[in-house]
Amino acid sequence: MALGTDNKLKSSLASPLRAPPKAPMKSVPKKTPAYSPMIKLVDQGAVDDVNNNVLAGAAGSGRMAMQSMAGRGLSAGRGQQARADMAQGNAMADAELKASQNNQQADQQNKLKKLAYDTAMESEDLANQGLLQQLRMSGFGEDLASQGFEQDMIEAKRRGQLGLDSIYNDFTPLLRGLR
């Protein structure tokens, strides 16, 4: 007759029927894998050079407009100066618009290249993960097949033991003849 029990011993032992506790999942920031070097992006220095050339090309537009309105031996008046200033302002506005469009196009191209690179790398990672999973599954299949083979061998031995104790009629030649 037991006088007392020590429950501490039971709780410290892991039950063979229960699965071991899993470690909590830590959230790892997703990083794009790099299987190849990054695609070369549009250089901002080259874009700035193009923009400077566009703005410099518009810089003399007022003077050119003034010279085109001037006649021989005539001095330029306030009206001609106003029209030259208007032509200069329009040319600068057009040049600044083209420069901002160049910046936007370069930025868009860089974003598209980065997106294509990230997509390619993530799909490569996914394909590699699929290959690894197929390898794991083939290993599981091999284990299952070897267990099945062992079971078949055990069953064959038992049938052989039973076959020695009893007589089985072999109807195989008769069945083959019926085909």
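The values are calculated or read from the model by the stated rules, or taken from the named source; none is laboratory data. The structure presented is a predicted model; accordingly, all values stated were derived computationally and were not measured. We place every Cβ from the backbone using ideal geometry, glycine too, and count neighbours over all the protein chains shown.
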Residue tally, condition small (Gly, Ala, Ser), surrounded by 13 or more Cβ atoms within 10 Å (Cβ to Cβ) and free of Cβ contacts under 8 Å to residues at least 40 places away in the same chain, over the stretch 90-104:
1
Residue among Asn90, Asn52 that is modelled with pLDDT under 90 and on the phi < 0 side of the Ramachandran plot
Asn52
Failed condition for Lys26, given (1) modelled with pLDDT under 75; (2) among the charged types (D, E, K, R); (3) within 30 Å of Gln104 (Cβ to Cβ)
(3)
Consider Ala127 carefully, then state whether it is in a helix (DSSP H, G or I), aliphatic (A, V, I, L, M), farther than 30 Å from Asp49 by Cβ and at pLDDT 90 or above.
yes
Condition first: surrounded by 14 or more Cβ atoms within 10 Å (Cβ to Cβ), over 30 Å from Pro37 (Cβ atoms), aliphatic (A, V, I, L, M) and in contact (Cβ under 8 Å) with a residue 40 or more places away in the chain. Can you find one or more residues in the stretch 110-128 that meet it?
no
